[in-house]
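S.K.: Got a structure for you, questions after.
The values are calculated or read from the model by the stated rules, or taken from the named source; none is laboratory data. Predicted, not measured: the structure shown is a model, and the values here were computed from it. Note: ideal-geometry Cβ built from the backbone for every residue, glycine included; neighbour counts use all protein chains shown. Remember, those area values only see protein heavy atoms, side chains included, never the ligands or the DNA or RNA. Shrake-Rupley method; radii C 1.70, N 1.55, O 1.52, S 1.80 Å.
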Amino acid sequence: DPQKAMTQLAVSYRTSLSVKTIGITGSVGKTTTKEFLAFLLRQSHPTLSTFGNLNNHLGVPIMLSRLLPEHRYCVMELGASHPGEIAYLSDLIKPSAAILTPIGPAHLAGFGSLENVYDTKLEIVDFLDQKAPLITSDQDLYLQEKIRQKKKSFTLVGFSPKAEYHISDVNLRRKQVSFKLNGRGPFVFPGNAPFLALNAALALAMVRSLS
């Protein structure tokens, strides 16, 4: 069974390393958040991140096999289309921290219901230590309640006053998006999508939580 063998080898190799793994899951924004976080971490630490769409039961073992002893961080995007998949992938990567991006009605043919989508994405929380950073947006009150039911602390990022990391002054000018976080900044990234300020802020919040 090539898949089973590859997975066992990758997990054995990963457990031999001291790398800190950050898992990113959710329905939307996983890839951009992963790219923002990997970019930020690489400014000061050797970092591996998910390449392309290698975020499933085949791709995650492939990415783990690309780790090098000098890598300090590994940013892993975790995708799912059926219940239990995030738990399976989380068990492979052994996350030191996690980001939950917004959750919505994606892959309902496989999940069966929106409730199952929530439950599956939240499977990663069960693999985090009590004090491990968990970052999510302030938009989804239901998601926050589901996390509380798991008795796990978390950090909110978003546009409301209750967010520990408050986004403000989002602007688009000359193909660059700028924003402030807790009044500090501006933080700037290239593009024409101001809504990606949330993804960038999630990544910034994680970097600060890891420091």
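S.K.: Can you name the residue in the range 186-211 that is of a type in the set (A, V, I, L, M) and without any contact (Cβ under 8 Å) to a residue 24 or more places away in the chain and, of all such residues, is most open to solvent (accessible area, probe 1.4 Å)?
M.R.: So in the range 186-211, the residues of a type in the set (A, V, I, L, M) come out as 188, 193, 196-198, 200-207, 210.
Adding the requirement that they be without any contact (Cβ under 8 Å) to a residue 24 or more places away in the chain leaves 188, 193.
Details: VAL188: 81, ALA193: 18 Å².
The selected residue is VAL188.
S.K.: May I pose another question? When you scan the range 114-128, how many residues do you find that are touching a Pro at 6+ places or on another chain (Cβ under 9 Å) and either under 15 Å from ALA97 (Cα atoms) or not in a helix (DSSP H, G or I) (or both)?
M.R.: Residues of the range 114-128 touching a Pro at 6+ places or on another chain (Cβ under 9 Å): 114, 116-117, 119-120, 123-124, 127-128.
Filter once more, keeping what is either under 15 Å from ALA97 (Cα atoms) or not in a helix (DSSP H, G or I) (or both): 123-124, 127-128.
Qualifying residue count for the region: 4.
S.K.: Please go through the range 74-85 and pick out each residue that is surrounded by 24 or more Cβ atoms within 10 Å (Cβ to Cβ) and either modelled with pLDDT of 95 or more or assigned to a helix (DSSP H, G or I) (or both).
M.R.: Of all residues in the range 74-85, those surrounded by 24 or more Cβ atoms within 10 Å (Cβ to Cβ) come to 74-78, 80.
Answer for the range 74-85, where residues must be surrounded by 24 or more Cβ atoms within 10 Å (Cβ to Cβ) and either modelled with pLDDT of 95 or more or assigned to a helix (DSSP H, G or I) (or both): CYS74, VAL75, MET76, GLU77, LEU78.
S.K.: Follow-up. Residues that are exposed (fewer than 12 other Cβ atoms within 10 Å of the Cβ), out of contact with any Lys or Arg (no Cβ under 7 Å at 6 or more places or on another chain) and of a type outside the set (Lys, Arg): does the range 175-185 have at least one?
M.R.: We begin by selecting, within the range 175-185, every residue exposed (fewer than 12 other Cβ atoms within 10 Å of the Cβ); these are 175, 183-184.
Pick out the ones that are also out of contact with any Lys or Arg (no Cβ under 7 Å at 6 or more places or on another chain) and you get 175, 183-184.
Among the residues that remain, those that are also of a type outside the set (Lys, Arg) are: 183.
Yes - at least one qualifying residue is present in the range 175-185.
S.K.: OK, next. Which residues, taken from the range 13-45, are open to solvent by less than 60 Å² (accessible area, probe 1.4 Å) and more than 15 Å from SER209 (Cβ to Cβ)? I'd like the intermediate steps shown before the answer.
M.R.: So in the range 13-45, the residues open to solvent by less than 60 Å² (accessible area, probe 1.4 Å) come out as 14, 17, 19, 21-27, 29-30, 32-34, 36-38, 40-41, 45.
Hits for the range 13-45 are ARG14, LEU17, VAL19, THR25, GLY26, SER27, GLY29, LYS30, THR32, LYS34, ALA38.
S.K.: Does SER44 satisfy being within 28 Å of LYS4 (Cα to Cα) and among the hydroxyl-bearing types (Ser, Thr, Tyr)?
M.R.: Details: within 28 Å of LYS4 (Cα to Cα): no; among the hydroxyl-bearing types (Ser, Thr, Tyr): yes.
The answer is no for SER44.
S.K.: Do we have any residue at all in the range 96-105 that's at pLDDT below 95 and either open to solvent by 70 Å² or more (accessible area, probe 1.4 Å) or in a helix (DSSP H, G or I) (or both)?
M.R.: yes
S.K.: Among the residues of the range 113-166 satisfying the criterion of being basic (Lys, Arg) and more than 14 Å from PRO95 (Cβ to Cβ), which is surrounded by the most Cβ atoms within 10 Å (Cβ to Cβ)?
M.R.: To start, the set of residues in the range 113-166 that are basic (Lys, Arg) comprises 121, 131, 146, 148, 150-152, 162.
Among the residues that remain, those that are also more than 14 Å from PRO95 (Cβ to Cβ) are: 146, 148, 150-151, 162.
Numbers: LYS146: 19, ARG148: 11, LYS150: 12, LYS151: 8, LYS162: 9.
The residue in question is LYS146.
S.K.: Quick check on LYS131: is it closer than 22 Å to ASN199 by Cα, modelled with pLDDT under 95 and basic (Lys, Arg)?
M.R.: Values: closer than 22 Å to ASN199 by Cα: no; modelled with pLDDT under 95: yes; basic (Lys, Arg): yes.
Considered against the rule, which asks whether it is closer than 22 Å to ASN199 by Cα, modelled with pLDDT under 95 and basic (Lys, Arg), LYS131 comes out as no.
S.K.: Among the residues of the range 160-199, which ones are in contact with a helix residue (DSSP H, G or I) (Cβ under 8 Å, 6 or more places away or on another chain) and either closer than 19 Å to LEU40 by Cα or assigned to a loop (DSSP other than H, G, I, E, B) (or both)?
M.R.: So in the range 160-199, the residues in contact with a helix residue (DSSP H, G or I) (Cβ under 8 Å, 6 or more places away or on another chain) come out as 164-165, 167, 170-172, 177, 179, 181, 187, 189, 196, 199.
Residues satisfying the conditions are GLU164, TYR165, ILE167, VAL177, PHE179, LEU181, PHE187, PHE189, LEU196, ASN199.
S.K.: Let me ask something else. Any idea how many residues of the range 1-40 are under 11 Å from the mean Cα position of the chain (by Cα), part of a strand (DSSP E or B) and farther than 21 Å from GLY84 by Cβ?
M.R.: Count: 1.
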